[in-house]
Amino acid sequence: MTAEIWSQVWQFTPTLLWAMLINVQLLLALIALGLVTGVVVALIEVYSPRPLAALALAYEWFFRGVPELVLLFLFYFGLTQMGMDISPFFAAVLALGFRSSGYQSQIFRGAIQSVPPGQLMAAHSLGMGTMKTIRYVILPQALRLSIPPWSNEFSAVFKDTTLAYGIGVVEIVRQARYISVRNFPLTLPVFILVAFMFLVLTYLGNWGLGRLEQRLHVPGLETHAKRGEAREL
Amino acid sequence: MNSDSADHLLRVEDVHKRYGREEVLRGVSFTMERADTKVIIGASGTGKSTLLRCINKLTDPDQGRVWLENQEITGRRAPVNRIRSQMGFVFQDFNLFTHLPALDNVRIGPQRVKGIRRREATTLAQEALATVGLKEKAQSYPAQLSGGQQQRVAIARALAMSPKLMLFDEPTSALDPELIGEVLEVMVKLAKEGMTMLVVSHEMGFARTVADEIIFMEGGVILEQAPPESMFRNPQHKRTGEFLRKISDLYGESE
Ligand SMILES: Nc1ncnc2c1ncn2[C@@H]1O[C@H](COP(=O)(O)OP(=O)(O)OP(=O)(O)O)[C@@H](O)[C@H]1O
Ligand SMILES: [Mg+2]
């Protein structure tokens, strides 16, 4: 590849960066949806009576079992067919967000279960009800313990945002396709550039999460994490 | 409400608890008055922990009733959390909240359960830590404290709620021998200051120093209940005498 070609690619870099911003927005929206839903599903699985817990497990099973593209089509074309006016972006947030919640709930479930039961008894003995116990004792520990496995999920769903291509979201892969279709010789360098952008951003994301983990580190909490992970395996 | 029970600080009436086929508690009744200290002893598996947990309903008794003053915690619509907040519970293995420094462990009850403002809750927590001699450890996490220090923080955590009654379930039996003294010292001080305490413990030195009565449990019932000296000198049941001799051999008589 000549310098000529790379200088042409350089011209398209801003366009690609703008498109990458869509992926980042998609990532933030879907991972937030997945986080909130995942925590709720995990809490239901661990603490609710049987029928409700079974329902949560079924939810997890569905969103982990159906391929991402099928979910995207279900949420976009399905909802559109049902008469809902839904944008491809929003459909992608829902489909990928709920899917991620199925994976995140499993992370949180393990972490929640690794909080020693004695601490729950202690919280109850102080007069804390279930909600206060969850808020002040369980989640602060479980969420900290979840950061390392959560980083993996973060990287995975970041890459999955490119699947929104399939329902017409103009994210980075679609934008790269537009460019390469019009300038065929640029196909390879453009996709190399896209790959490079993902590598850099994933690295930065994981670095940031690593920093967060360090900042929230509490002496003595890591031992539970190891126990929790061992139980998961 | 029961006018009768208002006279006692704690009234436990005919408590039964069954786990599967095993009836762990088979009708336990006793009362405690304000500033009483009672020590429960008995062989492993006789239901001492179960009894203590039935009193603050960490375990649901199958049958029987428990009153703290005139509040029945076993009532169908009892405000369980409010009654629990008036009873401190100290566990064998401390159960401090791992993610919180000592001060926050102690402050969380007043602040989050009683809704006391942060600044006042902090003052309460500092006072409670001072009572157990750990003011300077306020910022240490549980993992940075010795077992004895952790148990003292756990006592402070219970104390900060200004409980009417403190329940202790073998508070020193998870500790290395050299750390037992510092915890017992705190407990003796509390008893002498008039705290009402129900303590499962085989530390006979402690029992002799501060207990008004020793409760000997066997097979899910109270077999005998008497002040320490009379129980040692003149046990009413052969089993009581045997058990006392056994734990004296086992634990010694350290004051
Ligand atoms: N949650 C539970 N589920 C099933 N069985 C239990 C439970 N808790 C206690 N038990 C059983 O009840 C019996 C009494 O237990 P408990 O812990 O009250 O005895 P204890 O007098 O405190 O003994 P120790 O001196 O060993 O602490 C034991 O046989 C125990 O196995
Ligand atoms: Mg016990």
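Summary of computed values
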| item | result |
| --- | --- |
| Reference-scaled alpha-carbon Rg (2.2 N^0.38 Å with N residues) for region A:52-111 | 1.22 |
| Extreme residue, positive dipole direction of region A:3-232, given options A:A32, A:Q175, A:T133 (C-beta unit charges) | A:T133 |
| Hits among lysines - C-alpha to C-alpha of A:K132 under 19 Å, sequence gap 8 or more where chains match | B:K57, B:K114 |
| Sulfur and carbon atoms: percent of accessible area, region A:3-232 [1.4 Å] | 69 percent |
| Relative contact order (%) - criterion: Cα under 8 Å, at least six apart; region: region A:3-232 | 28 percent |
| Contact surface A-B: accessible area buried, both sides summed, square angstrom, 1.4 angstrom probe | 2000 Å² |
| In order through region A:192-202: 3J(HN,Hα) via Karplus (6.51 cos²θ - 1.76 cosθ + 1.60), integer Hz, x for Gly, Pro | 5, 5, 4, 4, 4, 4, 5, 4, 5, 5, 4 |
| Relative contact order, percent, chain B [alpha-carbon distance under 8 Å, six or more residues apart] | 24 percent |
| Neighbourhood net charge (12 Å Cβ-Cβ; Lys/Arg +1, Asp/Glu -1) for B:R26 | -3 |
| Estimated FRET transfer efficiency when R0 is 51 angstrom, pair A:M82-A:Y203 (beta carbons, to 0.05) | 0.80 |
| Calculated SAXS-style log₁₀ I(q)/I(0) at q = 0.12, 0.13, 0.14 Å⁻¹ - chain B, Debye, Cα scatterers | -0.70, -0.83, -0.96 |
| The protein assembly as shown: antiparallel DSSP beta bridges as a percent of all, rounded to 5 | 55 percent |
| Equivalent ellipsoid semi-axes - Cα gyration tensor, chain A, angstrom | 40, 22, 12 |
| Point-charge dipole on Cβ atoms (K/R +1, D/E -1) for the protein assembly as shown, about Cα centre, debye to 20 | 1080 debye |
| Among A:T187, A:I44, A:F158 the positive-end extreme of the charge dipole of region A:3-232 (Cβ point charges) | A:I44 |
| Dipole in debye (nearest 20) - chain B, about Cα centre, beta carbon charges: Lys, Arg +1; Asp, Glu -1 | 1040 debye |
| Tail weight of P(r) past 25 Å, computed on alpha-carbon pairs of region B:100-210, percent | 18 percent |
| Most positive-pole-ward Cα, A:A58, A:F73, A:M121, against dipole of region A:5-123 from beta carbon charges | A:M121 |
| Cβ neighbours within 10 Å from other chains - mean over A:115-121 | 4 |
| Burial order of peptide ranges A:205-214, B:109-118, B:178-187 (average beta-carbon count within 10 Å, highest first) | B:178-187, B:109-118, A:205-214 |
| Packing-based ranking, highest mean first, of A:126-133, B:94-101, B:29-36 given that Cβ atoms within 10 Å are counted | B:94-101, A:126-133, B:29-36 |
| Under-5 Å amide H pairs with B:E218, H placed in peptide plane, nonlocal only | B:L223 |
| 10 °C / 1.306 mPa s Stokes-Einstein diffusion coefficient of region A:137-220, Kirkwood radius on C-alpha pairs, µm²/s | 105 µm²/s |
| With eigenvalues of the C-alpha gyration tensor scaled by 5 and rooted, region B:66-127, Å | 25, 15, 9 |
| Globularity ratio of the protein assembly as shown, using Cα Rg and 2.2 N^0.38 Å | 1.30 |
| Paired Rg and Dmax values of region B:27-169, which use every Cα atom, in angstrom | 15.9, 45 |
| Rounded to the nearest 20 debye, dipole of chain A from Cβ charges on Lys, Arg, Asp, Glu | 400 debye |
| Alpha-carbon centroid distance for the pair region A:1-79 / region B:126-187, whole angstrom | 48 Å |
| Peptide B:91-97, shielding by other chains (average Cβ, 10 Å cutoff) | 5 |
| Rounded percent of accessible protein surface that carbon and sulfur make up, chain B, 1.4 Å probe | 44 percent |
| Sequence-distant residues sharing a close amide H with B:L165 (under 5 Å, placed H) | B:G88 |
| 0 to 90° range, to nearest 10: angle between helix A:3-47 axis and chain A longest Cα axis | 20 degrees |
| Degrees separating the helix A:172-182 axis from the principal Cα axis of chain A, which is the longest one | 10 degrees |
| Overall Cα dimensions of region A:45-149 - principal axes, largest extent first, Å | 53, 30, 22 |
| Cut-off under 5 Å, modelled amide H: who pairs with B:I40 long-range | B:V199, B:V200, B:S201, B:I215 |
| Using a Förster distance of 41 Å, the FRET efficiency for A:A53-B:A143 (Cβ separation, nearest 0.05) | 0.80 |
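The values are calculated or read from the model by the stated rules, or taken from the named source; none is laboratory data. Keep in mind the model is a prediction, meaning the values are calculated, not measured. Every residue, glycine as well, gets a Cβ built from its backbone with ideal geometry; the counts of neighbours run over all protein chains shown. Protein only, heavy atoms only, side chains kept; ligands, DNA and RNA dropped before computing areas. Shrake-Rupley method; radii C 1.70, N 1.55, O 1.52, S 1.80 Å.
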